[in-house]
Every structure is written in structure tokens, then in C-alpha cells.
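Okay, so here's the structure we're looking at.
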Amino acid sequence: MIGGRSLAGASESPAAAPLGWLPSFRAMLAWDLADLRLQLPMLMLIQLLSGIGTVLGFGLFFRHIPERAALFIVTGIPVINLIVVGVVALPQKVASQKLSHTYDYVVSLPVRRVIRVASTCIVNLAIGLPAVIITLAVGVVHYHLHLALSPEIVPALFFVSLAGTMLGLAVGHGVDRPTLTQSISQLLIFAIFGFCPIMFPAAHLPGWLADLNTVAPFESMAEITRAGLTTGMVTDLARAILVVALWLVGSLVVLTWTMGRRR
């Protein structure tokens with residue numbers, strides 16, 4: 001509860017309540033899919049090609065990649081597949097709505113905020129999940145790896161995707177200037193690929209940057225996912241879950257306050 005408003009929509013427009021939760025969710029999901037009808041196939045294709053291309057591309061740079069290094073690559077790319085749409089593409093979409101002056105209309109739709117957020121999370125997961133599965137399969141075959149899949153991988157993927165989507169929504173809705181939002185999202189993609197230990201160990205970074213990544217969410221997202229795919233590579237899963245959970249809660253607070261003040 002923030003300022004008398006909650007994400008569950010206690011102070012929502014009265015028009016939202018008669019729709020009911022399930023009809024509202026179906027309507028919002030249909031809205032989101034229709035809004036992405038031209039972009040959805042391309043987004044899924046980009047995710048797939050970028051994942052497979054990155055996994056295979058490392059083999060072009062190095063004649064031989066040690067098994068541990070290959071495991072970092074193959075288990076790291078799926079994390080990027082899961083979060084890049086939420087962290088990068090989603091803020092840009094919100095910024096585009098603000099620039100085209102459709103943002104206030106979308107926010108004012110008579111749907112509970114929690115349903116709107118849930119629909120966005122489902123769509124983002126649907127975009128990233130096929131690329132995750134195919135990229136993992138290609139990486140395992142190409143590098144002759146043996147993954148140790150555990151049942152925890154399913155909630156791990158949902159948790160990481162949810163955290164990435166909420167972070168992107170917080171940036172998109174929380175930053176008032178659309179051009180600044182776009183700049184932040186572009187900066188994040190460079191940080192994710194080049195300066196976050198997702199596809200490589202944190203020990204490869206300078207000490208100060210490795211320390212910074214312990215409080216940033218992306219390394220921890222990779223560790224949560226990697227823990228469900230391998231054994232012995234993640235030594236402090238509890239810390240990783242705590243870090244991502246704190247970022248998730250913080251994003252939720254920002255999103256709730258920002259969307260609430262526009263009511």
C-alpha cells in the first residue's frame with residue numbers, strides 16, 4: 001500500500017470491477033497481443049537468432065572452449081533471452097507510447113493494474129521461453145555438454161522473467177522523459193552483455209565491478225537459472241534469490257507509485 005493505492009487496485013476505477021478478474025485478464029492479454037501483432041513474430045525471431053548466434057559465435061572466436069566456460073555461455077544466454085525483452089524492449093515501448101501521446105489512454109484502461117502487469121509478464125515469458133529452450137538444446141549439442149536439470153528450473157525461469165519484466169516496467173513508467181528512458185534501456189543492454197557476469201565468472205571482472213554486480217540483479221538472475229541447470233557452479237543461491245527479490249519488490253514499489261499517481 002502506497003499513498004492509499006495498491007497494485008491490486010483497491011482504488012481502481014469502478015468500471016474495472018464489474019469485468020471480473022478472468023474476463024479482465026483475457027481482455028488485457030488480447031489487447032497486448034493485438035498491440036504486438038506486427039512485432040511479436042520478429043521479437044521471437046530476434047530472441048532465437050541472437051541466442052543461437054551467440055552460442056555458436058563463441059566457437060568461431062576460439063578453437064577450443066573448456067567445458068566450464070561453455071557451461072557459463074550456454075546457461076547464461078537463456079537468462080538474456082528471458083530478461084532482454086522486459087529490461088530493454090519494454091521500456092522503449094512505454095517511451096514510444098508517451099511520445100505518441102497514447103500512454104495516458106493505455107494507463108486509464110478500466111483494468112486492475114495487477115492484471116495489466118500479469119498480462120505483460122505472460123507475453124514477455126512467451127516471447128523469451130522458446131528461445132531459451134532452443135538455445136539450450138543447440139548449446140548442449142554443439143559443445144557436447146551434460147546439463148543437470150532439476151525441477152527448480154521451472155520456478156527459476158518464471159522468477160527471473162518476472163523480475164526482468166518488473167524492472168523494465170519500473171524504468172518505463174518511472175522515468176518521465178521518454179528519450180531518457182530509451183537511453184537507459186540502450187545502456188542496460190550494453191551492461192548486460194559486456195559488464196555483467198552472466199556468461200562468464202565474476203572473477204574475470206575488476207574487483208570493484210565484481211562487487212557492484214553482487215548488488216545488481218543480473219548476475220544473481222544468472223545464478224538462479226544456472227542453479228537449476230547445473231550442479232556445483234552456484235555456491236550462494238540464497239543470496240542470489242534475495243538480491244533479485246529485493247529488486248523485484250523495489251520495481252513493484254516504483255511501478256505502483258507511478259501508475260497510482262496517474263489515476
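Here are the numbers:
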| item | result |
| --- | --- |
| Ser185 in contact (Cβ under 8 Å) with a residue 60 or more places away in the chain, under 30 Å from Leu71 (Cβ atoms) and within 15 Å of the chain's Cα centre (by Cα) | yes |
| Candidate set: segment 171-208, residues that are closer than 17 Å to Ser96 by Cβ and of a type in the set (A, V, I, L, M, F, W, C); chosen: the one surrounded by the fewest Cβ atoms within 10 Å (Cβ to Cβ) | Leu180 |
| Those residues of segment 40-77 which are aliphatic (A, V, I, L, M) and surrounded by fewer than 16 Cβ atoms within 10 Å (Cβ to Cβ), in sequence order | Met42, Leu45, Leu49, Leu56, Leu60 |
| Elements of type helices (runs of 4 or more DSSP H) in segment 181-263, at least 3 residues being more than 21 Å from Phe72 (Cβ to Cβ) | 237-261 |
| Residue satisfying condition, being under 24 Å from the mean Cα position of the chain (by Cα) and at pLDDT below 85, within set Ser13, Ser6 | Ser6 |
| Qualifying residue in segment 234-245 (condition: in contact with a Leu (Cβ under 6 Å, 6 or more places away or on another chain) and either within 20 Å of Ser161 (Cα to Cα) or at pLDDT below 90 (or both)) | no |
| Those residues of segment 32-51 which are more than 16 Å from Val94 (Cα to Cα), without any contact (Cβ under 8 Å) to a residue 60 or more places away in the chain, assigned to a helix (DSSP H, G or I) and of a type in the set (A, V, I, L, M), in sequence order | Met42, Leu45, Ile46, Leu49 |
| Search result, residues across segment 124-159 that are among the hydrophobic types (A, V, I, L, M, F, W, C), buried (at least 22 other Cβ atoms within 10 Å of the Cβ) and under 17 Å from Leu90 (Cβ atoms) | Ile127, Ala131 |
| Residues located in segment 210-263, provided they are aromatic (Phe, Trp, Tyr) and in contact with a strand residue (DSSP E or B) (Cβ under 6 Å, 6 or more places away or on another chain) | Trp257 |
| Any chance Leu109 is of a type in the set (A, V, I, L, M, F, W, C), within 19 Å of Glu219 (Cα to Cα) and touching a residue at least 40 places away in the same chain (Cβ under 8 Å) | no |
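The values are calculated or read from the model by the stated rules, or taken from the named source; none is laboratory data. What you see is a predicted model, and the numbers here were worked out from it, not measured in a lab. Every residue, glycine among them, receives a Cβ derived from its backbone with ideal geometry; neighbour counts consider all protein chains shown.
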